[in-house]
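First the structure, in the form of structure tokens, and then the observations on it.
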Amino acid sequence: MSSEQMRIVIVGGGAGGLGLATQLGHKLGKKGRAEIVLIDKNRTHIWKPLLHEVATGSLDADLDGVVYSAHAVKHGYQFQLGELNNVDLQTQEVFLAPIVNSQGEELLPSRKMHYDKLILAVGSVSNDFGTPGVQENCYFLDSHQQANRFHDALLDSFTRVHQSDELGALKIAIVGGGATGVELSAELYHVTALLKIYGLSKMTADKLSISLIEAGPRILPALPERIANSATRELIKLGVEVRQNTRISQATAQGFLTSEGELIDAHLKLWAAGVKAPEFIKQIDGLSLNRANQIVVKPTLQSLNNDAVYVIGDCCACEQPDGSFVPPRAQSAHQMAQCVEINILAELNQRPLNHYTYVDHGSLVNLSRYSTVGNLMGNLTKESMFVEGKIARFMYISLYRMHQKAIHGISKTLALWLAEKMMRVVRPRMKLH
Ligand SMILES: Cc1cc2nc3c(=O)[nH]c(=O)nc-3n(C[C@H](O)[C@H](O)[C@H](O)COP(=O)(O)OP(=O)(O)OC[C@H]3O[C@@H](n4cnc5c(N)ncnc54)[C@H](O)[C@@H]3O)c2cc1C
């Protein structure tokens, strides 16, 4: 790097950050116009909307993850493994926690790095709203490590039910009737149906008892009512107990306690009710935050208080012209990454910055192989169109393909699609270890 070269640091290589690092790597890093550094606390990237499939074993994160360090070499940016724990906005430095291995040994001490432009893309974590017992007793789907932890517990439970006639049903309770809870419930039925192929024939779908618990009057509150009704019907058909208007006041080792004092008994408890930006953001002096720790930004996606800091994705509080906030979705993270890419290039070329406008292309909910439902927004009419079945499934998969295209390019995305088709013949249909 030459001494005048600008250093652009992106923290968080998820749905938004990895695409941005790739594009800036091609447009600036490879041409020597800026040094692009991506920092993530993990070595591999898994697209977050796939985590419920990792949790059930439908997807093997070890095979499907993108290794950041190898991806970086190919796409003109540098990768630093590290966990951000603070930022000094005055000196323009990021601070990274020490790296500790699985045996608790320190591999690298705490570090700091200077930036000229910083992009915070650290995503979100589940919000337990201070509910007692949730942190100690529940599983979460915030990262692939957490999804793997749930997967291990699920396999143990499947084995126990298969090997013991006395155990009865496997009870799983999921709090949060958003897309995560709904998709996970359906996926659990799907993998249970596969178990007989792998010799766990006594763990059948009728031994699976899932309660999906939602505090509001209906599941999928952020989506149109027609989608929620259709998803509710499918889930009930599968055998899921959909409990609406049920507020959880405590999680215990035995299950969830409702505000009415009822105990919802569960062997496995998963919390997926709402999101907030990670807690460490509160340590950063000088950024305006909302109640969910999200960083408030200007329409250019620069933080309200500091123009050198851009914020994208779930950790960003971006107000829209109608007063609502951009929802925490993969499509928003992707669009924000595109806007920041344009704005950074504009800054380098001393052009005015663009304002970000959220374009809602619709939402899709995938109920595993049973059904996919959703709505698509018409480009011209802006009317919402209800879709289900094969079209909806195709559109749902397209969202992931768009992400792959942003991080790999068209030819590799096509190659990956072909490889996935071929691997389906030889790979097990679920991960059982
Ligand atoms: C099961 C599930 C299903 C979903 N389905 C859909 C869907 O169908 N459609 C949709 O639009 N959205 C869906 N979402 C939401 C979507 O995944 C998120 O909105 C999206 O991933 C947000 O992108 P992001 O870049 O902000 O954060 P993320 O994709 O979460 O990436 C954040 C990155 O930051 C890293 N990181 C975090 N903290 C630090 C730190 N301190 N230091 C360094 N690195 C850090 C993480 O390791 C991660 O790589 C789903 C979410 C889940 C959990």
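Quick notes
So that you can scan it fast, the table gives a plain yes or no per residue for (1) surrounded by 13 or more Cβ atoms within 10 Å (Cβ to Cβ); (2) closer than 21 Å to ALA55 by Cβ; (3) aromatic (Phe, Trp, Tyr); (4) under 20 Å from the mean Cα position of the chain (by Cα):
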| position | (1), (2), (3), (4) |
| --- | --- |
| ASN86 | yes, no, no, no |
| VAL94 | yes, no, no, no |
| HIS114 | no, no, no, no |
| ILE119 | yes, no, no, yes |
| TYR139 | yes, yes, yes, yes |
| SER143 | yes, yes, no, yes |
| HIS151 | yes, yes, no, yes |
| SER157 | yes, yes, no, no |
| HIS162 | yes, yes, no, no |
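- Residues of the range 39-51 satisfying the condition of being farther than 21 Å from VAL100 by Cβ and either over 14 Å from the mean Cα position of the chain (by Cα) or basic (Lys, Arg) (or both): LYS48
- Unique match (being more than 28 Å from ASP307 (Cα to Cα) and at pLDDT 95 or above) among VAL67, VAL100, VAL94: VAL67
- Selection within the range 27-83: residues that are within 12 Å of the ligand (Cβ to nearest atom) and of a type in the set (Asp, Glu). The member of this set that is farthest from ALA121 (Cα to Cα) is GLU53.
- Of the residues GLY123, GLY130, the single one that is part of a loop (DSSP other than H, G, I, E, B) and away from the ligand (no atom under 14 Å from the Cβ) is GLY130.
- Boolean, THR180 is over 29 Å from LEU50 (Cβ atoms), open to solvent by 10 Å² or more (accessible area, probe 1.4 Å) and polar (S, T, N, Q): no
- Long-range neighbours under 7 Å by Cβ, at least six apart or interchain, first residue open to solvent by 20 Å² or more (accessible area, probe 1.4 Å) within the range 65-84, second within 9 Å of the ligand (Cβ to nearest atom) and of a type in the set (Gly, Ala, Ser): GLU83/ALA97
- Residue in the range 306-320 that is farthest from VAL9 (Cα to Cα), counting only those that are in a strand (DSSP E or B) and open to solvent by 20 Å² or more (accessible area, probe 1.4 Å): GLU319
- The residues on offer are ILE281, ILE312, ILE344, and the sole one that is in contact (Cβ under 8 Å) with a residue 24 or more places away in the chain, away from the ligand (no atom under 12 Å from the Cβ), on the phi < 0 side of the Ramachandran plot and in contact with a Leu (Cβ under 9 Å, 6 or more places away or on another chain) is ILE344.
- Meets criteria (open to solvent by 20 Å² or more (accessible area, probe 1.4 Å), at pLDDT 95 or above, hydrophobic (A, V, I, L, M, F, W, C) and more than 15 Å from the ligand (Cβ to nearest atom)) for ALA169: no
- Cross-chain or 6+ apart pairs with Cβ under 6 Å, the range 114-143 first and at positive phi, then away from the ligand (no atom under 16 Å from the Cβ) and open to solvent by 20 Å² or more (accessible area, probe 1.4 Å): GLY133/GLN250; GLY133/THR252
- Which listed residue, of ALA231, ALA273, ALA253, is in a loop (DSSP other than H, G, I, E, B), within 16 Å of the ligand (Cβ to nearest atom) and closer than 25 Å to VAL125 by Cβ: ALA273
The values are calculated or read from the model by the stated rules, or taken from the named source; none is laboratory data. All values reported here derive from a predicted model rather than from experimental measurement. Glycine also receives a Cβ, built like all others from the backbone with ideal geometry; neighbour counts cover every protein chain displayed. When the accessible area is computed, the model is the full protein with side chains, heavy atoms only, and any ligands, DNA or RNA have been set aside. Shrake-Rupley method; radii C 1.70, N 1.55, O 1.52, S 1.80 Å.
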